Amino acid sequence: MNKTQAEALEFLTDFFPHITETADDREVVLCVPFTVLNMLSKSLHGSRVQLGAQNVHWAENGAFTGEISGSMLSEIGVRYVVVGHSERRQFFGETDETVNQRLLAAQAHGLTPILCVGETKAQRDAGETEALIFSQLEAGLVGVDQSSLVIAYEPIWAIGTGDTCASDEANRVIGLIRSKLTNKDVSIQYGGSVNPKNVDEIMAQSEIDGALVGGASLTADSFARIVNYQ
């Protein structure tokens with residue numbers, strides 16, 4: 001929940017010059033608040049930056065105050081949508097079942113969902129990391145087309161804490177996630193205190209295809225450094 005429309009435009013003005021030389025095979029996606037989507041859709045038109053939303057509802061319309069449908073997003077040029085982010089699970093009652101419904105709705109409207117999975121500190125300390133993530137995948141991916149899917153592994157204990165998961169451990173878990181997929185080519189990202197100082201090491205890992213970036217994406221030079229990882 002960051003950036004007014006004016007602040008978002010200021011961000012873009014600062015950000016675009018940083019990515020003129022970015023490698024063509026890198027996909028850049030900005031997942032922004034609903035109030036900014038329509039404006040950014042116009043501002044990003046013709047650029048190399050794709051537009052993403054932060055949630056989508058499973059119903060096409062109806063009495064779901066505060067929610068947004070796939071058709072509302074696709075109509076204004078949204079291409080991606082985050083589903084099942086840890087904050088949605090933690091603060092807003094999201095379950096594996098509702099995550100699954102949102103994934104299906106996203107795909108039905110031509111949106112590529114970014115499915116978030118990950119464990120808490122207590123679950124990791126109890127040795128439940130693998131079992132929990134496998135459970136999230138099994139329930140979340142029922143009926144989902146894995147040819148139009150991104151997965152983000154976000155260890156909840158590493159989000160916004162500065163306590164980044166060791167890159168080799170993130171790589172191990174992401175390899176386990178990949179082993180459970182029918183489509184091994186699904187892009188799997190790491191998310192959890194990714195920043196300009198650790199992104200090179202993270203992206204050097206064999207299983208990690210990208211980064212889901214939180215706080216470090218809020219300033220143009222910081223996010224650009226992550227996009228332009230070495």
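Taken together, the values in this text are just the output of simple stated rules run on the coordinates, not laboratory data. The structure presented is a predicted model; accordingly, all values stated were derived computationally and were not measured. Note that we place each Cβ from the backbone using ideal geometry, even for glycine, and neighbour counts take in every protein chain shown.
Report D for the range 97-230 in µm² per second (integer): Stokes-Einstein, Kirkwood Rh on Cα pairs, 20 °C, 1.002 mPa s. Each step should come with its number before you reach the end.
Numbers: Rh = 15.2 Å.
My calculation gives 141 µm²/s for D.
Pull out the extension gain between LYS180 and ALA131, defined as 0.36 nm times the separation in residues minus the alpha carbon to alpha carbon distance; nm, one decimal.
Details: separation 49, 0.36 × 49 = 17.64 nm, distance 1.18 nm.
Contour length minus the Cα-Cα distance gives 16.5 nm.
Rounded to the nearest 0.05, what FRET efficiency do ARG48 and ALA139 give with R0 = 30 Å and r taken as the Cβ-Cβ distance? Could you check?
Values: r = 35 Å, r/R0 = 1.16.
Working from the Cβ atoms, E equals 0.30.
Just in the range 142-230: which trypsin sites (Lys or Arg not before Pro) are loop by DSSP and have at most 15 other Cβ atoms within 10 Å? Don't skip to the answer; put the middle values down first.
On the way: sites: ARG172, ARG178, LYS180, LYS184, LYS197, ARG225; in loops: LYS180, LYS184, LYS197.
Here the trypsin sites (Lys or Arg not before Pro) that fit, given the DSSP loop and packing criteria, are LYS180, LYS184, LYS197.
If you stretched the chain out fully between THR4 and ALA204, how much longer would it get, using 0.36 nm times the residue separation minus the C-alpha to C-alpha distance? Walk me through the numbers on the way to the answer.
Details: separation 200, 0.36 × 200 = 72.00 nm, distance 3.44 nm.
Result for the pair: 68.6 nm of gain on full extension.
Could you please report the charge total around CYS31, scoring K, R as +1 and D, E as -1 over all other residues with beta-carbon less than 15 angstrom from its beta-carbon? Present the calculation step by step, with values, prior to reporting the outcome.
Details: positive: LYS3, ARG79, ARG88, ARG102; negative: GLU27, GLU87, GLU154.
So the environment of CYS31 carries a net charge of +1.
If you take the Cα atoms of the range 5-227, find Rg, then find the Kirkwood Rh from the mean of 1/r over all pairs, what is Rg/Rh?
Working: Rg = 16.8 Å, Rh = 17.9 Å.
A ratio of 0.94.
Which GluC sites (Glu not before Pro) from the range 23-131 combine a DSSP loop assignment with at most 14 other Cβ atoms within 10 Å? Don't skip to the answer; put the middle values down first.
Working: sites: GLU27, GLU60, GLU67, GLU75, GLU87, GLU94, GLU97, GLU119, GLU128, GLU130; in loops: GLU27, GLU60, GLU67, GLU94, GLU119, GLU128.
Hits after loop and neighbour filter: GLU60, GLU128.
Which one, GLY62, PRO196, SER47, is farthest towards the positive end of the dipole of the range 5-227 when Lys and Arg carry +1 and Asp and Glu -1 on their Cβ?
GLY62
Using label points projected 7 Å from each Cα along Cα→Cβ, tell me how many nm separate THR65 and GLU97, to one decimal.
Output for this residue pair reads 2.4 nm.
If R0 is 30 Å, what FRET efficiency do you get for MET39 and GLN90 from their C-beta distance, rounded to 0.05?
Approximately 0.55, to the nearest 0.05.
State the number of lysine pairs found in the chain whose Cα atoms come within less than 28 Å, restricting to pairs 8 or more positions apart or on distinct chains. Display every interim value, and only then the final one.
Working: LYS3/LYS42; LYS3/LYS197; LYS121/LYS180; LYS121/LYS184; LYS121/LYS197.
Taking the Cα cut-off of 28 Å, the pair count is 5.
Please give the calculated 222 nm ellipticity per residue for the chain, where each DSSP H segment of at least 4 residues contributes -39500 (n - 2.57) and the sum is spread over every residue; nearest 500 deg cm²/dmol? List each step's numbers first, then the result.
Values: 10 runs with 89 residues, N = 230.
Theoretical 222 nm ellipticity from helices: -11000 deg cm²/dmol.
With +1 on the Cβ of every Lys and Arg and -1 on the Cβ of every Asp and Glu, and nothing else charged, how large is the dipole of the chain about its Cα centre, in debye rounded to the nearest 20? Mind showing how you got there, number by number?
Working: 16 positive and 30 negative charges, 57 e Å.
Its charge dipole is roughly 280 debye.
For ALA23 and THR219, compute 0.36 nm times the residue count separating them, minus their Cα-Cα distance, and round to one decimal in nm. Mind showing how you got there, number by number?
Numbers: separation 196, 0.36 × 196 = 70.56 nm, distance 2.05 nm.
Value of the extension gain: 68.5 nm.
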